[in-house]
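Only one structure is covered here, and it is reproduced in the block below.
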Amino acid sequence: MKRPYIFILFASLVLLMTGKSLCAQSIPEGYVLVDSVVYRPVAAVDTTLVGTDVFLLMPSREMGDKAGVKITQTDMVASAMRRQVAENGERTLSGYRVRIFFDNKQSARVESEETLKRFESLYHDVVAYRTYANPYFKVTVGDFRTRSEAVKLLERIKGSFPSAFVVKENIEFPVVDKDNAYVADTVKVLRPKSVSH
């Protein structure tokens, strides 16, 4: 019974992304357009500065700015900084996450998917990861630089996930604005008229 909904949602999103709108004539008989909320995580880093030499962005009176910042450094220091940035582009960050699922039984694949979906439906503002490291399926949540930040999340979710615990592992860079970690959008999706939500 879930597969038709997935197809309908997918078809609706394709139409939304291609810029085509569903007018009253193109809605299939027995279906209705309804609003649905979609949560999107915001960018973890400010990508507008990726690959940019921040020293060239400083205000300069020579470039017509009202103020000027003058940086005095040797060529050796500038070269060392460029080399440091180039060599560490793929560097991982060690930090903490909260593990909410860890199992290796035969049903672990399905259970890990269900746990991930349940978590994402309850906590839109926290990023979640599902991984497989033979023979275990794992679901970990959050990206925290300190253990105390991870413990705060653990306390918040312990009622929904009582077996959760804090783990140390490589993390993604935490979001720039923790208070606005996701964006909620409204999209139109097709649903059968008989289903009431």
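The values are calculated or read from the model by the stated rules, or taken from the named source; none is laboratory data. None of the values given here were measured: they were computed from a predicted structure. Neighbour counts are summed over all protein chains in view; Cβ atoms, including those assigned to glycine, are modelled from backbone coordinates with ideal geometry.
Side notes on the structure shown:
- Members of the stretch 28-45 that are modelled with pLDDT of 70 or more, surrounded by 12 or more Cβ atoms within 10 Å (Cβ to Cβ) and of a type outside the set (A, V, I, L, M): Y31, S36, Y39
- For the stretch 78-105, a residue qualifies if it is assigned to a helix (DSSP H, G or I) and surrounded by 10 or more Cβ atoms within 10 Å (Cβ to Cβ), and the qualifying residues are A78, S79, A80, M81, R82, R83, V85.
- For the stretch 117-148, filtering for residues that are within 18 Å of V37 (Cα to Cα), of a type outside the set (G, A, S) and part of a helix (DSSP H, G or I) leaves 5.
- V167 at pLDDT 95 or above, outside any helix (DSSP H, G or I) and not assigned by TED's automatic domain parsing to the domain that holds S26: yes
- R109 vs. criteria surrounded by 12 or more Cβ atoms within 10 Å (Cβ to Cβ) and assigned to a helix (DSSP H, G or I): yes
- Any chance E87 is more than 16 Å from the chain's Cα centre (by Cα) and either closer than 28 Å to D185 by Cα or modelled with pLDDT under 95 (or both): yes
- Residue in the stretch 46-63 that is surrounded by 10 or more Cβ atoms within 10 Å (Cβ to Cβ), touching a strand residue (DSSP E or B) at 6+ places or on another chain (Cβ under 6 Å) and modelled with pLDDT of 65 or more present: no
- Residue count for the stretch 170-196, restricted to those that are modelled with pLDDT of 80 or more, closer than 19 Å to Y129 by Cα and part of a loop (DSSP other than H, G, I, E, B): 1
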